[in-house]
Structure formats: C-alpha cells, structure tokens
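Peer 1: Handing you this structure, nothing more for now.
Laboratory data are not the source of any read-out in this text; all were calculated from the coordinates shown. Here the structure is a predicted model, which means the values were calculated and not measured. Cβ sites come from the backbone with ideal geometry, for glycine too, and all protein chains shown count toward neighbours.
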Amino acid sequence: MRIVIAGGHGKIALRLSRMLADRGDHPVALIRNPDHSQDVMDAGAEPLVVDLEQATVTELAEKIMGSDAVVFAAGAGPGSGAARKETVDHKAAVLTADAASLAGVRRLIQISAINVDEPVPEGTDEVWRAYVAAKKAADDDLRQRDLDLDWTILRPGRLTDEAGTGQVDLGEEVEREAVTREDVAAVIVALLDEPGTAGRVLNLVNGPTPVVEAVRAAAG
C-alpha cells in the first residue's frame, strides 16, 4: 500500500514509516523542511516537501493522489503558541481531509488526543486549551464527512518514548493513561488493515490487549 503521512518527520510518523516499510508498504512522508528528507528516507519513507500551513487543497491533493490511505500525524509540537495549534492541529487537518476527498483517497486516519470532547478544566494553560480546542475542531470536521471519507479518529493518551509493549486498551471509553509512540504507530498499521474501524473515534492507552486483537474488537 502507498500510505501518505502528513507530518512525516514527527516521532509517531517516523516509527510508522519504519513499520510500513518493513512489511513492504510504500510510506510517503509529507515534510515542511527539506532538511528532514534524510531522516524520513532512513525510516524507509519517500519524502515529499509541502507546507501544510501554506499549501492549497489542490497542491496537497496532487501529493496524495494515487495513495491507498492518508494518516494525519501533524502537530504544531512543543514550544509552539496557541496560533499554530489552530493553523496546524486544526486547519491543516481540515486541509488534509479536503485534499484526500479531492484526490479520491477514501481511507484517512487522524491522530487526535484523548478525550478532547470533554470540557477543559478552569485554570488550564492557554496554549493547552488552544491545543485541545484545535484537536476537537479537527475531529468535529472529520465526523461530518461520512459520505466521502472512511475516517478513523485515534486519540492517544500521554505519549512516551519507551519501547512498545504491543498491548493496548482501545475504545470509546478508556482510563486516561500513557501510551508509547511505538504502540500508537502499531495501532495505526492495524487500523489500516481493518476497514471495519471506519467511522469510529477511539481512545488509546497502553493496556492488556494485543494490538491486532484490540483493533479487531474495535471494528466489531
């Protein structure tokens, strides 16, 4: 499969590219900075340079066209302000969904954040509040696209760089816990293989269930 990964230089994205390449798929990493090309090639992905904050839907659709699926793994990242949470975590996600629709690529997996539909507590940091609002807005947009996209929204808990466990808790209701980035990538691979998860919003943390089994259960 040809899998386009928006935000292709991110920590989850690089792990995902390695997993896809190792099993014979063709990951394509969309990156803003051409200096990141070697990193994504080392992970087994084909780099394509595009700025998701500047590209038109047509320009992005040209990058996506001919793919089997798109994974939105982009994010403004640590140290960015509230404004970039909106332009990347929200607007770039909407742009990616629009481009996938225009390109005729139905399967889209969007990485969000755990429980972003819940109200943000009083006194929450402004940037974190903006991040949650941006993720929720992107998810809300995607949930309105039942006819033109086979989407799955994946909402990981607190991300860690520890070695993957291969075991998770995946579903609409999970305890708010941590999950390794490696396990998030493994779940995305399994979601790509399970079309029955289309139209689902799934929270993800580490837990007791093997990844493939957890994804199969979520599809049921």
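Peer 1: What are the pairs, 6+ residues apart or on separate chains, where a residue within region 111-133 that is closer than 23 Å to Ala185 by Cβ and without any contact (Cβ under 8 Å) to a residue 24 or more places away in the chain has its Cβ under 9 Å from a residue that is surrounded by fewer than 21 Cβ atoms within 10 Å (Cβ to Cβ) and β-branched (Val, Ile, Thr)?
Peer 2: Taking only residues 6 or more apart or on different chains, the pairs are Val132/Val120; Val132/Thr124.
Peer 1: From the list Val184, Val211, Val174, exactly one residue is among the β-branched types (Val, Ile, Thr), touching a residue at least 12 places away in the same chain (Cβ under 8 Å) and farther than 23 Å from Gly10 by Cα. Which is it?
Peer 2: Criteria check complete, one pass: Val174.
Peer 1: Next question, about the same structure. Looking only at region 77-108, how many residues end up being closer than 19 Å to Gly8 by Cα and either assigned to a loop (DSSP other than H, G, I, E, B) or in contact with a Phe, Trp or Tyr (Cβ under 7 Å, 6 or more places away or on another chain) (or both)?
Peer 2: Adding up the residues that qualify gives 10.
Peer 1: To continue, here is another question. Out of all the residues in region 93-133, which are β-branched (Val, Ile, Thr) and either out of contact with any Ser or Thr (no Cβ under 6 Å at 6 or more places or on another chain) or over 19 Å from Ile31 (Cα atoms) (or both)?
Peer 2: If the condition is that a residue be β-branched (Val, Ile, Thr) and either out of contact with any Ser or Thr (no Cβ under 6 Å at 6 or more places or on another chain) or over 19 Å from Ile31 (Cα atoms) (or both), then Val94, Thr96, Val105, Ile111, Ile114, Val116, Val120, Thr124, Val127, Val132 are the ones that fit.
Peer 1: What pairs come out if I take residues in region 87-98 that are among the hydroxyl-bearing types (Ser, Thr, Tyr) and pair them with residues that are in a helix (DSSP H, G or I) whose C-beta lies under 7 Å away, six or more apart or interchain?
Peer 2: From region 87-98, the pairs are Thr96/Leu60.
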